[in-house]
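Comments concern the structure below.
The values are calculated or read from the model by the stated rules, or taken from the named source; none is laboratory data. A quick note: this is a predicted structure, and the numbers were derived from the prediction, not measured. Virtual Cβ from ideal backbone geometry, glycine too; neighbours counted across all protein chains shown.
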Amino acid sequence: MKKYICECIGTAVLVLFGCGTAVISDGDLVATSLAFGLSIIAMAYVIGNISGCHVNPAVSLAMLINKKIEVKDFICYVVAQVVGAFIGAGILYFILNGTPDGVFALGTNGFGDASLYELNWISAFIVEVILTFVFVYTILGVTSDDNKSAVAGIVIGLTLTFVHLLGINLTGTSVNPARSLAPAVLMGGEALKQVWLFIVAPLCGSAISAITYKLLNKEE
């Protein structure tokens, strides 16, 4: 049970600080990227030894495919992550509701008119698959080598930062279905209509990275 609670807390922190920074900085590229990356670094060194600090259904899927977690843990992890995402987004919603203008954004993802470069859904899908592939592939590599355990959290956090640097102006950068789902549900409208892409694409990217890792990196 401890590991599920940790996944819930970790995801809540990621969403609150990552999406919160995106909102209050008006989508500042560097600030938002650092907020997501630093959130992962912070949580990795607090809950990493308990749950592995997945805080992302896409990461948990890759771990399942590579047989690092069981199906039961995968299901419970995803539930905990989604609950945590709603807690984080809910806290952010409550905070922003105390401003004179009320809640105007929650760091949702988007394509088309909701994207700075107005990407169509196909381009947005490809972007999310690639970003997730790079992120998850890095996680699989750095967590599979015990010699890198001391720096794993930093490497993962910095990787999340650099995928955000590319993706924020394109799709808002999801690479995490839970992180996308909660803000979209609370905001509704176009964000909710488009959230399917930010659930499916990261999971596809994760599956591709897990299979690639098994084929290229994993010892027989």
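The table below lists the values:
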read-out	value
Unique residue being part of a helix (DSSP H, G or I) and of a type outside the set (S, T, Y) when the list is L170, L192	L192
Residue in the stretch 79-97 that is assigned to a helix (DSSP H, G or I), among the hydrophobic types (A, V, I, L, M, F, W, C), touching an Asp or Glu at 6+ places or on another chain (Cβ under 6 Å) and at negative phi present	yes
Evaluation of V163 against (1) within 19 Å of S206 (Cβ to Cβ); (2) in contact with a Gly (Cβ under 8 Å, 6 or more places away or on another chain); (3) without any contact (Cβ under 8 Å) to a residue 60 or more places away in the chain (one fails), failing number	(2)
Pairs, first free of Cβ contacts under 8 Å to residues at least 60 places away in the same chain in the stretch 109-135, second crowded, with 19+ Cβ neighbours inside 10 Å and among the aromatic types (F, W, Y), C-beta under 6 Å, six or more apart	L119/F111
The stretch 87-125: number of residues that are within 21 Å of the chain's Cα centre (by Cα) and charged (D, E, K, R)	0
Neighbours by Cβ (under 7 Å, 6+ apart or cross-chain): first from the stretch 69-96, closer than 15 Å to A182 by Cα; second charged (D, E, K, R) and assigned to a helix (DSSP H, G or I)	A80/E7; Q81/E7; G84/E7; A85/R179
Residues that are assigned to a helix (DSSP H, G or I) and of a type in the set (V, I, T), drawn from the stretch 29-60	V30, T32, I40, I41, V46, I47, I50, V59
Options G52, G84: the member that is at pLDDT 95 or above and either within 16 Å of the chain's Cα centre (by Cα) or within 23 Å of A191 (Cα to Cα) (or both)	G84
Unique residue being in contact with a Leu (Cβ under 7 Å, 6 or more places away or on another chain), of a type in the set (A, V, I, L, M) and under 16 Å from G107 (Cβ atoms) when the list is L186, L192	L186
